[in-house]
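Nothing in this text is a laboratory measurement; each read-out follows from the coordinates by a stated rule. Because the structure is a prediction, the values reported are computed rather than measured. Don't worry about glycine lacking a Cβ; one is built from the backbone with ideal geometry, like all the others, and counts go over all protein chains shown.
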Number of protein chains: 2
Amino acid sequence: MDNIEALFKPESIAIVGASRTPGKIGHEIVRNLVEYGYRGKIYPVNPYANEILGLKAYPSVSSIPGKVDMVVVVVPADKVPSVIEDAGRKGVKVAVVISSGFKEVGREDLEEEVVRIARKHGMRVLGPNIFGILYTPLRINATFGPTHAIPGSVGFITQSGALGIALMGMTIVEKIGVSAIVSIGNKADIDDADLLNYLREDANTKVVLIYLEGVMDGRRFMEAAQNFTLRKPLIVIKAGKTQAGAKAVASHTGSLAGNVAIYSTLFKETGILEASTVEEAFDWARAFSYLPSYKGGKLIIVTNGGGAGVLATDVLAENNINLEEPPQSLRDKLRPKLPGFASLKNPIDVTGMISNEGYVDAVIETLKNESVGAVLALYCETAVTDPEVIAKELIERIESELGGLQKPLIVALIGGQKSYNAVATLNAKGIPTYPMPERAASATAALITYSKLRESVKLRIDELRGITNA
Amino acid sequence: MDNIEALFKPESIAIVGASRTPGKIGHEIVRNLVEYGYRGKIYPVNPYANEILGLKAYPSVSSIPGKVDMVVVVVPADKVPSVIEDAGRKGVKVAVVISSGFKEVGREDLEEEVVRIARKHGMRVLGPNIFGILYTPLRINATFGPTHAIPGSVGFITQSGALGIALMGMTIVEKIGVSAIVSIGNKADIDDADLLNYLREDANTKVVLIYLEGVMDGRRFMEAAQNFTLRKPLIVIKAGKTQAGAKAVASHTGSLAGNVAIYSTLFKETGILEASTVEEAFDWARAFSYLPSYKGGKLIIVTNGGGAGVLATDVLAENNINLEEPPQSLRDKLRPKLPGFASLKNPIDVTGMISNEGYVDAVIETLKNESVGAVLALYCETAVTDPEVIAKELIERIESELGGLQKPLIVALIGGQKSYNAVATLNAKGIPTYPMPERAASATAALITYSKLRESVKLRIDELRGITNA
């Protein structure tokens, strides 16, 4: 096991600074580890306690009888170096340094000392100034955030602590399943590139989302990102995109937000999808985590509301995705089933007069057509339909007639309480669904854009190889 | 009472095509009128019924004994002209023509006939091809949409039927209070300009939001819009912004979406706020409907999460709103109350270590400062705070110490279920609150942008007057 792997798959974890007092960080991390169901060994370290949450406590890492893969450190900053020294001697592979009071308050010296000691022992360091790490496949919740994260395949890396922990809570309410949440903080040692290299190979992670303020080594980041995007989509929220934002970053983490204009270009070149908001980033992540990848073929919009179709068309066009006419075979199939004034262009407008069954039928027929590569289904709650029935029938027919989704289907259900319920139902069944047409269209655009970016990254790499070989 | 006023304040309404069958449009409209609590006279018109929902039915409009201000027409398209003729003779002021089957399916002739007959009698026509009209101050729900719209001060005009009715449901779930919802459809007679001219003077409406695909008479629209924005904010979702979107508009309502590039410029010149999505438009409308207007002074961000502050700063900068340093008097007041490493730049970062009380205190002190014109409060749910407590204390202290909001306060609460609950609590008390930092920042930008646009529209009008007078 290499040391980064120990961050995700430790067989034993010691918490240095573990506390008996509920509400204290050193207590909450032990509690989260226990309650979320980690099966490895948990060693609370506290010289003044015999037992914490029913677990035997030890006075130091070196006094623990068994092997320790990971230490989580929550002692005050000036005590961290000696803990790292003790853990290093014990042969610990990775230290998760929760404690703050380092570079972010001008103590670069202390931070460098921690890294120097760790390196001496061949140990890696996550943090400092973080809320911890979560890895759902092994039920590891070594954070002081919410306990019951929802397992899934989104990996989330966050440079911001308070925002990251808040968004961890948001994923639970929005039922966005995660594989890992990593608070990366000051990045004294382990950085985004390390994590991307690991998560690229992690079978439990389908897509990674990074909240990024800045990187130290741009070349290293871009290289890791490029290797990553050849395999899996990478979504980045770049904070500090404007000059004013970059100034705010400097007074927040002390990172250089970097040249404002250059990021977007570099992102595109390495295949990174840049989201303009947190909401958009998680909307995209949801779609990537649920769906098979887009492999070409026509994108068809099916809608029962012309207006929703127009709004989606605008979003797609703004992302340079043009809608082609539906295949004739599909038009022939749908024409007899639809009202006379339905439009069989793209968007296919089945009209507000359509029934539940008629709407579901149109979506299923479109999914079945061989020339169709992806479907964006928009639905407006009308008096003659019931979104909960539509969700149920859609799920059943996708299962029984298609054996599950073989190509991307993205849904928007716009309406009242029943529509909101149906959005949750579809999401729970792995069909990415949103309450607004533009959000569904934006997720659709991200899927298609990723497949385009990936191709162009591949081409460029092949070209570079050609030049090198010539 | 002029005829447009009769659309919002009819003393009696006849529904032609009223039905006894639940689920039918002609039934649902009568039911909505009754159940939402309209106090005027309701006359179902149906030659084959004696009574509908306990109301006496009449065979025709002309056979109704009393005066009729408004008729709602739900008979098939080819029967509409004779109904209009009958209503016109009766002295009806306005006809709300729900029926479809006119211009949108190539029957311009039938639509022109309807308008011609109405004009002969001095009657105005809303529609055809609409879902009706709602005006909450008089409890008029003459739509076949959801029954229990939430009273408030947002006026919503929609050119799209299915999308509009779906969004009517959305406003109920999202607790966005509306004064009026008007489905405007084919705009055969009454258009956006007529409605803007009326709602400008309507004391129950603070802000208007239009879903717009296209206008027939651009000059007329812009003139009405400019007069409107001098008094109240006007938010427009322009569908068909791209060439592909404009093509989709043509096959939807048959409207010309118009020159794609020219709209945004004209919008700015007339003081219109163009929202990029439906979600953004309603986010803005919520803020305008709750808050006093922005009257200048510094905009200060208060945050307990640096990352949220950076994201908000970016959004503001993208909208050309720059953050100035907080006034020295505010820094002096806050410094002793905050952790040593808190940042007193703008954003003011009170840090993730702040308590409930400390956070609320910082927001209240900032609101109290005389040089401050608006506050954007960002909060990330941390282990040491409780968003529900923060919401409650914020509400109490705004009431007790400030006598309510005297300047705009916009809030974002980011986190898990408690944060979502607190978002709803604050919104219910008239403090516009969002679950994402960028959404709150965008609403803040809209408030400030409106005040700027309004000033520049005023200036331009004064200049034009100067030229005319010279």
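See the values below:
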{"quantity": "Rel. contact order, % - alpha carbon contacts under 8 angstrom, at least six apart, the range A:60-217", "calculated": "21 percent"}
{"quantity": "Those trypsin sites (Lys or Arg not before Pro) in the range A:59-165 that DSSP places in a loop and that have at most 14 other beta carbons within 10 Å", "calculated": "A:K67"}
{"quantity": "Distance (nanometres) between label positions extended 7 Å along Cα→Cβ at B:D78 and B:V384", "calculated": "7.6 nm"}
{"quantity": "Residues of type aspartates and glutamates that A:K298 reaches as a straight line, Cα spacing below 13 Å, ignoring anything fewer than 8 places off in the same chain", "calculated": "A:E324, A:E325, A:E370"}
{"quantity": "Between helix B:278-290 and chain B: long-axis angle, C-alpha atoms, 0 to 90°, nearest 10", "calculated": "80 degrees"}
{"quantity": "Taking the C-alpha atoms of the range A:340-418, convex hull volume expressed per residue in Å³", "calculated": "91 Å³"}
{"quantity": "Residue (of B:V384, B:H148, B:L338) at the positive-pole extreme of chain B, dipole from beta-carbon charges", "calculated": "B:H148"}
{"quantity": "Phi-based couplings in Hz for the range B:39-47 (Karplus 6.51, -1.76, 1.60; Gly and Pro marked x)", "calculated": "9, x, 7, 10, 10, x, 10, 6, x"}
{"quantity": "When each of A:K268/A:K295; A:K247/B:K268; A:K238/A:K407 is checked by Cα-Cα distance, pairs over 22 Å", "calculated": "A:K247/B:K268; A:K238/A:K407"}
{"quantity": "For the range B:149-290, diffusion coefficient by Stokes-Einstein and Kirkwood Rh (Cα), 10 °C, 1.306 mPa s, µm²/s", "calculated": "106 µm²/s"}
{"quantity": "With Cα atoms, 0 to 90° folded angle of helix B:387-402 axis to chain B main axis", "calculated": "90 degrees"}
{"quantity": "Pairwise FRET efficiency - B:N197 versus B:L138, Cβ, R0 = 25 Å, nearest 0.05", "calculated": "0.85"}
{"quantity": "Folded to 0 to 90 degrees: helix A:306-318 orientation relative to chain A principal axis, Cα", "calculated": "50 degrees"}
{"quantity": "Ascending list, in nanometres, of distances separating the A:Y48 label from those of the other copies (7 Å, Cα toward Cβ)", "calculated": "8.6"}
{"quantity": "Cβ-based charge dipole, chain A, positive-most Cα from A:T171, A:P76, A:A118", "calculated": "A:A118"}
{"quantity": "Pairs of Cα atoms farther than 14 Å apart, the range B:130-186, %", "calculated": "43 percent"}
{"quantity": "Reachable lysines, given that their alpha-carbon falls under 18 Å from the alpha-carbon of A:K41 and they are not under 8 places away in the same chain", "calculated": "A:K9, A:K56, A:K67, A:K90, A:K93"}
{"quantity": "Pseudo-label separations to other copies for A:G91 - Cα-to-Cβ vector, 7 Å, nm", "calculated": "10.1"}
{"quantity": "Packing-based order for A:419-432, A:4-17, using average beta carbon neighbours within 10 Å, highest first", "calculated": "A:4-17, A:419-432"}
{"quantity": "Nearest beta-carbon to the A/B symmetry axis - residue in chain A, distance in Å", "calculated": "A:E279, 4"}
{"quantity": "Cα convex hull of the range B:349-470 - mean projected area over all directions, nm²", "calculated": "9.1 nm²"}
{"quantity": "Rough spin-label spacing in nm, given labels placed 7 Å along Cα→Cβ, for A:T21 and B:K368", "calculated": "3.0 nm"}
{"quantity": "Antiparallel bridge percentage (DSSP; both residues within chain A; nearest 5)", "calculated": "15 percent"}
{"quantity": "Stokes-Einstein diffusion coefficient of the range A:44-124, Kirkwood radius over Cα pairs, 10 °C, 1.306 mPa s, in µm²/s", "calculated": "122 µm²/s"}
{"quantity": "Bins of 20 Å from zero: percent of alpha-carbon pairs in the protein assembly as shown", "calculated": "14, 42, 32, 11, 1"}
{"quantity": "B:E223 paired with A:Q406, simple spin-label distance in nm, labels 7 Å along Cα-to-beta-carbon", "calculated": "6.0 nm"}
{"quantity": "Cα centroid separation, the range B:288-305 to the range B:54-100 (Å)", "calculated": "48 Å"}
{"quantity": "Zone of A:R231's modelled label, taken as backbone nitrogen in the range A:113-155 under 19 Å from a point 7 Å along Cα→Cβ", "calculated": "A:135-138, A:152-155"}
{"quantity": "Interchain or long-range residues, amide H under 5 Å from B:I140's placed H", "calculated": "B:Y135"}
{"quantity": "Residue-by-residue Karplus 3J(HN,Hα) for the range B:424-432, coefficients 6.51, -1.76, 1.60, Hz, glycine and proline x", "calculated": "5, 4, 5, 4, 5, 9, x, 10, x"}
{"quantity": "Over chain B, relative contact order from alpha-carbon pairs under 8 Å, at least 6 apart, %", "calculated": "10 percent"}
{"quantity": "Mean shadow area of the range A:321-377 over all directions, Cα convex hull, nm²", "calculated": "3.8 nm²"}
{"quantity": "Prolate/oblate/rounded label for the range B:154-212 (Cα gyration tensor, a/c 1.5)", "calculated": "oblate"}
{"quantity": "Phi to ³J(HN,Hα) by Karplus 6.51 cos²θ - 1.76 cosθ + 1.60 over the range B:237-251, Hz, x for Gly, Pro", "calculated": "9, 8, 8, x, 6, 9, 4, 5, x, 5, 5, 5, 4, 4, 7"}
{"quantity": "Antiparallel bridges, percent of DSSP beta bridges restricted to the range A:1-65 (to nearest 5)", "calculated": "25 percent"}
{"quantity": "Across the identical copies, how the B:Q417 labels are spaced - nm, sorted shortest first, 7 Å along Cα→Cβ", "calculated": "1.8"}
{"quantity": "Bins of 10 Å from zero: percent of alpha-carbon pairs in the range B:1-78", "calculated": "20, 54, 24, 1"}
{"quantity": "For the range A:1-151: rounded, prolate or oblate by the Cα gyration tensor [a/c cutoff 1.5]", "calculated": "rounded"}
{"quantity": "Pairwise FRET efficiency - B:L464 versus A:N320, Cβ, R0 = 45 Å, nearest 0.05", "calculated": "0.65"}
{"quantity": "Partner lysines for A:K337 [C-alpha distance under 18 Å; skip if fewer than 8 residues away on the same chain]", "calculated": "A:K345, A:K368"}
{"quantity": "Semi-axis lengths (Å, descending) of the ellipsoid that matches the C-alpha gyration tensor of chain B", "calculated": "46, 25, 18"}
{"quantity": "Extension gain, B:R116 back to B:T147 (0.36 nm per residue minus Cα-Cα distance, nm)", "calculated": "7.9 nm"}
